[in-house]
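For reference, the structure is listed below as structure tokens.
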Amino acid sequence: MSLVLVADDEPAVLEVLSQVIEDLGHEVLQARDGAEALRLARARRPQLVVTDHVMPRLSGLELCRALRREPGLEEVPVILLSGVLAHGTPEAHAFLQKPFEIDAFEAVLQEALGAQLGEMEALVRGLQGAAGVDPLELPLRPVNGDLGAHLSGVLDAWRARAPDALLELSLPQGPVPARFDPERLRQALDALLARAVDAGGRVQVRLLLSSALATIQVADAGPSPSAEELPRLFEPALAGGSPGLAAAAHILRQHGGAIRADCLAGEGTAFSMLLPRAGPSLRAG
């Protein structure tokens, strides 16, 4: 289910469009002018905006341009509707000229939401090729950095990408110096977060420190794997595992670390990424 913001100053049109979106299984936010739509977008971070052009306080075109300038909303697709414009604007993902058939509106809506979901799925598909690859073929490029700041940046990106997700982050006080490959570590984190967000419910991310290890824990609220499934989670897909988790395990091994999964009491799974604080022990390349 996605959150869709609909803006139109005609109550009847607003209700019809909202009903179509709800019938497709999505949640709707309603705005009766462009300024209200912008305020709601800032507060609720929708996955899609549907807006009429001719509205008080802020037109549909002005709303499109304001969203493109807004941090965290610049990539949200906008469907622009108008009975006076002949075409849309580069800032809008799609344009429909009024009057239009409901079928046409449904098709554009599904395409826009599908495009955004495709971006999230691409994160995991990009990891699949890394699973089982020899470390010499994809060498690490470690740098000295603040592991806490890196983790915070990854979570900020996910909050912008999935604003309805309940993502919580707990970090130690002060910087956490470590040596790691930022891009590869982000890929491993994306695999765990994609699984956790897809499970729904609260996702708790913690960075825990010992003298030798930094542990990044991602705990979800989804169904726990069975005793038979748990040992196979990090195996390649052909062996019954998850491609994303297998890739994450591969990346952690490259860092000289490891990954494990533990079932939580009641329901949920906690994935722990263990990194040596001194940096990768394998050849970085």
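Here are the numbers for the structure shown:
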quantity: Check: region 1-88 dipole with +1 on Lys, Arg Cβ and -1 on Asp, Glu Cβ, in debye; calculated: 420
quantity: Ranked packing of 184-190, 68-74, most packed first, by mean Cβ within 10 Å; calculated: 184-190, 68-74
quantity: Least to most buried among 100, 180 (fewest other Cβ within 10 Å first); calculated: 100, 180
quantity: Table column - 3J(HN,Hα) (Hz), region 25-34, Karplus curve with 6.51, -1.76, 1.60, x for Gly and Pro; calculated: x, 10, 8, 10, 10, 10, 10, 9, 7, x
quantity: Overall form of region 3-124 per C-alpha gyration tensor (a/c, 1.5; a/b vs b/c); calculated: rounded
quantity: Derived scalar couplings ³J(HN,Hα) [region 87-95; Karplus, 6.51 cos²θ - 1.76 cosθ + 1.60; whole Hz; x for Gly, Pro]; calculated: 8, x, 9, x, 6, 9, 5, 8, 9
quantity: Sequence ranges 195-205, 80-90, 164-174, 41-51, ranked by mean other-Cβ count within 10 angstrom, highest first; calculated: 41-51, 195-205, 80-90, 164-174
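Here, each number is a calculation from the coordinates, and none is a lab measurement. In this text the structure is predicted, and so the values were computed from the model without any measurement. Cβ sites come from the backbone with ideal geometry, for glycine too, and all protein chains shown count toward neighbours.
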